[in-house]
Amino acid sequence: MLQVSGMFYTDDGVLTGPENTAGYTEEEIRVAGSVLGTVGAGQLKKIQREYMERHPHHIPLIFMADIINGFRTVFPIPLAQGCTFDPKLVEEGAAVAARESAASGLHLTFSPMADLVRDARWGRVMESTGEDAWLNGCFARAMVEGYQGRSGLREKGRIAACVKHFAGYGAPTAGRDYNTVELSERTLRDDYLPAYKEAIDAGAATVMTSFNTLDRIPSSANRRLMRDILRGEMGFEGVLISDWAAIEELCSHGVARDKEEAARLALEAGVDIDMMTNCYCRHLKELVESGAVSSALIDEAVLRILKLKNDLGLFEDPYKDADEREEKVLVLCDEHRKTARRMAAESFVLLKNDGILPLAGERTAFIGPYVANAEIYGAWSMFGTPETTVSIEQGIKNRGCGHAYFAEGCILSADFGRSEETAGKLLQEAVELAQKADKVVLALGEHRLQSGEAASRADITLPDCQMELFRQVCAVNKNVVVVLFSGRPLDIREICGQAAAVLAVWMPGTEGGNAIADVLFGDVNPSGRLSMSFPYSVGQVPIFYGQFRTGRPYIEGTEEKYFSRYLDIPNRPLYPFGYGLSYTTFAIGPVQLSAQQMRRTDRLRVTVTVKNTGTVGGSEVVQMYLADVNGSVARPVRELRGFCKVRLEPGEESEVSFEITEEMLRFHDIHMDYVSEPGVFRVFVGDCSETENGAAFVLE
Ligand code: GLC
C-alpha cells in the first residue's frame, strides 16, 4: 500500500537517506509495496532479493518510473509525437521504451498522460498529445498497447501502463500548474474523459489520480469521479495510484484536517496506493481498528495490487525481465535509435517555407544556443543524457553538409544559462558569420525545463537575448531558417513575420540532431501536422479549433464591433491544429458521400482523392472533421473524426476513404444522455482544421 521512492535505497539495500521526505520509518519501508524511480537491472535485482528475504510474506516489490517519452533511447516529447499523426509509429516507440526499461528491471511506467490540453501557458502540454480529445484517444491507446503488448503483462519486454492524470488536470485555471479546474459536467464528459477511457479500454493496468480539484473536490478524495465514473461507468478494475503526495495534499486543499482524515478520504474514494506520503502506512491500521474505515476497503485495495503483481508474473519471477546483459544490448541500440530518428523527423512541423528549404549544401551558418546543445530530450526524460543525444551540430557533421559553419550566438536564457558576460562577443561572432553565409539556420527555443511539471509561463515568447540575435542576424542576411525547440506552442509572430522558414522540432530526443539534418537537407520530407494550435498571442489561450460559434460569431477581417472578438488581435491562431507544410504540394479533391441521408444503422462512406502535385515524394495527413449544425446544446464548430497519413510520389494520386457511423455523432445532449440527434451534419476533409472542403448529409 506504500509507495517508496527508489532514492531511499543505499548500497547495502537498506532504505534510508535524507531524502526520506515522507518520514517513513525503517519498518514502514521494509514492508513497502513498490519503489519509484530507481532503475538498473543489477540494482533492482539486489533490492528485490534483499526485500523478499526480509518481507514477512515474501510479496515482491513492483518497480515503477516515469518513462514518458522513451527510456535511455529518448523519443520526441508526447506533444511532438501527436504531430506525427502516426499511432502505429508511436506504439512502436512505446514498445521500444518497454523493452529497454523492462531489461533494466522496471515493471510499470507512469504513462500515457492522456490529459486534454488547450492552454500553452501550462508547462505539461509537452506531455500530452494535444488539443483534440479524439486524437489523444488514438495515441493513448497506441501507447498502452506499445507498453503492455496484447498478450498479457507477463510477456517479455512489456511493462504495465498507467493512464494519467484522472481527471481534467490539463485545464488548470489561468494555465497555472496544480490550479483549480472548472469544467461543466458536459465538457468533462464530451472532451476531457474520452482519452482516458480509450486507454482504459485498451487495457491500461493502472490509473493515476490528478492533483487538481473538479467541482472543488480534489481527485484523490473524489468518490464520484473514482468509484462511480472511473470504476462504475468506465469499468476500470485495476490499481488506482495517487499522484506524488496527492493524498497528503488533501490537507493543503483544506478538505482533510490531518493525514488520518486524508487517508480515510482517499481510501473511501478507492485510491489503492499512496505515492510518497505516509498517510496510508501511518494511519490505515488505526482507522480500521477504530471502525472508522471498513477492512473491506483495505482488502479490495490490497487484492488489486496483488493481482497486478500476479499479472506481471512477479510471484513466479520477482525479477521479471531484469537482465544486465540484455540491458547492455538493448539500451540505445541502432534499431532503437533508428526508430527514434524516424519518429523525430515525422514529428517536425514545417510552419513556414518561402522556398529556402531544403538546403542544398550552400555556405550555411548554423547559429544559436541550440546548435551544440544536446539537452533536447524534454523535461520528463529522467534517463536521457547529453552524451547519448545528437545535437544539431553533430547531426550536420554526421551527414556531411559541405560548407557548414557553427556559432552559439547567445546563451539559451539568462534564467537557465551562463551569465551574460560573453553576450557581446557571442553576438558579434554570430553576426559576422551570418554576413558571410548564403543561408543561416538559427536554432532557437525555450529551455527544456521551461516546460514540464511546475513550469507554467505567462509569457510564451523567446528570451530577449535570442530575439536580439534573431533581429541582428536578419538585419544582415535575409535567408534565415529558424529551427524552434519548445515544449509548448510559443508566440512566434515576429519570427514568422521575418524568417524565410520556420521548422518546429519541439524536444526531439536522442536522435534529434540527425533528424533535423535529415529534414533540413530534404532526405526526409517533413510531414508533421500541429496537434496543438500555435496562438497568435498568449492573450488568446486557451485556444483550440473545436470552439463554439457563440451568439455573435465574428467573421475574421470584418469591422463589425458587437461580435465575439478582440480589439487588438485576431481570433484565429497563428497556425491552427492540423496545419503543417511539406516540400511538395498536395491537392485534395471534393468530398464524395455515399449518400446524403443517413439512417442510424448506416455507415456513410466519405471519399476524396489526394494527389501529389509537386516535384518530390511526401506524406499528406488527410483529416476528416464533422460538424453537427444544430443540437439540443451548442456543438463545436467541428470535431476531428478521422485521419489518414498517405505517402505519394510526384504526380501520384490516391483515394482516401473514411466511414461515418451514428456513434461518431454522439454527445451529451440537453438531458445529459449520450446520444446522436437527427439533423444536418457537415463533413470537412482537408489538410488542416480550417479546411472548407466539405459536403453535407442528414441524419434521420
Ligand atoms: C509527478 C507527476 C506525475 C508523475 C509522478 C511520479 O508529480 O505529476 O505525472 O508520474 O509525480 O514521478
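The values are calculated or read from the model by the stated rules, or taken from the named source; none is laboratory data. Computed from a prediction, not measured in an experiment: that's the story for all the values here. Cβ sites come from the backbone with ideal geometry, for glycine too, and all protein chains shown count toward neighbours. Areas reflect the complete protein model, heavy atoms only, side chains present, ligands, DNA and RNA absent. Shrake-Rupley method; radii C 1.70, N 1.55, O 1.52, S 1.80 Å.
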Considering region 217-235 alone, what residues qualify as being away from the ligand (no atom under 16 Å from the Cβ) and either open to solvent by 10 Å² or more (accessible area, probe 1.4 Å) or part of a strand (DSSP E or B) (or both)?
-> ILE217, ALA221, ASN222, ARG223, ARG224, ARG227, ASP228, ARG231, GLY232, GLU233, MET234, GLY235
Could you tell me whether region 348-367 includes any residue that is at pLDDT 95 or above, open to solvent by 10 Å² or more (accessible area, probe 1.4 Å), not aromatic (Phe, Trp, Tyr) and not in a loop (DSSP other than H, G, I, E, B)?
-> yes
Of the conditions (1) more than 30 Å from THR615 (Cβ to Cβ); (2) in a loop (DSSP other than H, G, I, E, B); (3) touching a strand residue (DSSP E or B) at 6+ places or on another chain (Cβ under 8 Å); (4) open to solvent by less than 60 Å² (accessible area, probe 1.4 Å), the single one that ALA372 does not satisfy is (4)
Just wondering, is there one or more residues in region 38-46 that are in contact with an Asp or Glu (Cβ under 9 Å, 6 or more places away or on another chain), outside any loop (DSSP other than H, G, I, E, B), more than 15 Å from the ligand (Cβ to nearest atom) and open to solvent by less than 10 Å² (accessible area, probe 1.4 Å)?
-> yes
All positions within region 172-206 that are within 16 Å of the ligand (Cβ to nearest atom) and open to solvent by 20 Å² or more (accessible area, probe 1.4 Å) | ARG176, TYR178, ASN179
What are the pairs, 6+ residues apart or on separate chains, where a residue within region 375-388 that is closer than 14 Å to GLY123 by Cα has its Cβ under 8 Å from a residue that is part of a loop (DSSP other than H, G, I, E, B) and open to solvent by 20 Å² or more (accessible area, probe 1.4 Å)?
-> ALA379/GLU453; TRP380/ASP66; TRP380/GLU453
Residue among VAL541, VAL610, VAL629, VAL606 that alone is within 32 Å of the chain's Cα centre (by Cα), within 23 Å of LEU135 (Cα to Cα) and exposed (fewer than 14 other Cβ atoms within 10 Å of the Cβ) | VAL629
Just a yes or no: is a residue in region 561-573 outside any strand (DSSP E or B), touching a residue at least 40 places away in the same chain (Cβ under 8 Å) and small (Gly, Ala, Ser)?
-> no
Of all residues in region 501-536, which are over 22 Å from the mean Cα position of the chain (by Cα) and among the acidic types (Asp, Glu)?
-> ASP518, ASP523
Determine whether GLN592 is polar (S, T, N, Q), within 22 Å of the chain's Cα centre (by Cα) and modelled with pLDDT of 95 or more.
-> no
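Among the residues of region 315-324, are any crowded, with 21+ Cβ neighbours inside 10 Å, more than 30 Å from MET226 (Cβ to Cβ) and more than 16 Å from the ligand (Cβ to nearest atom)?
Yes, region 315-324 contains at least one residue that is crowded, with 21+ Cβ neighbours inside 10 Å, more than 30 Å from MET226 (Cβ to Cβ) and more than 16 Å from the ligand (Cβ to nearest atom).
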List every residue pair whose Cβ atoms sit under 6 Å apart, with the two residues 6 or more apart in sequence or on different chains, where the first one lies in region 68-83 and is in a loop (DSSP other than H, G, I, E, B) and the second, anywhere, is among the polar types (S, T, N, Q) and within 16 Å of the ligand (Cβ to nearest atom).
-> ILE68/SER111; PHE71/SER101; PHE75/ASN69; ILE77/ASN69
Based on what the data block shows, is GLU335 part of a helix (DSSP H, G or I) and more than 30 Å from GLN48 (Cα to Cα)?
-> yes
If you check PHE211 against the conditions, is it within 24 Å of ALA455 (Cβ to Cβ), touching a strand residue (DSSP E or B) at 6+ places or on another chain (Cβ under 8 Å), open to solvent by less than 20 Å² (accessible area, probe 1.4 Å) and assigned to a loop (DSSP other than H, G, I, E, B)?
-> yes
Does GLY123 qualify as being within 16 Å of the ligand (Cβ to nearest atom) and surrounded by fewer than 24 Cβ atoms within 10 Å (Cβ to Cβ)?
-> yes
Would you mind stating whether LEU449 is in a helix (DSSP H, G or I) and within 16 Å of the ligand (Cβ to nearest atom)?
-> yes
Top-ranked residue in region 126-155 [being over 11 Å from the mean Cα position of the chain (by Cα) and either outside any helix (DSSP H, G or I) or modelled with pLDDT under 95 (or both); ranked as farthest from the ligand (Cβ to nearest atom)] | SER151
Here are some conditions: (1) at pLDDT 95 or above; (2) open to solvent by 30 Å² or more (accessible area, probe 1.4 Å). SER451 meets all but one. Which one does it not meet?
-> (2)
Positions within region 396-416 being modelled with pLDDT under 90, of a type in the set (Gly, Ala, Ser) and either open to solvent by less than 10 Å² (accessible area, probe 1.4 Å) or in contact with a Gly (Cβ under 9 Å, 6 or more places away or on another chain) (or both), in sequence order = GLY402, SER413
Filtered residue count, region 484-502, keeping only those that are outside any loop (DSSP other than H, G, I, E, B) and either farther than 16 Å from ILE77 by Cα or open to solvent by 10 Å² or more (accessible area, probe 1.4 Å) (or both) = 8
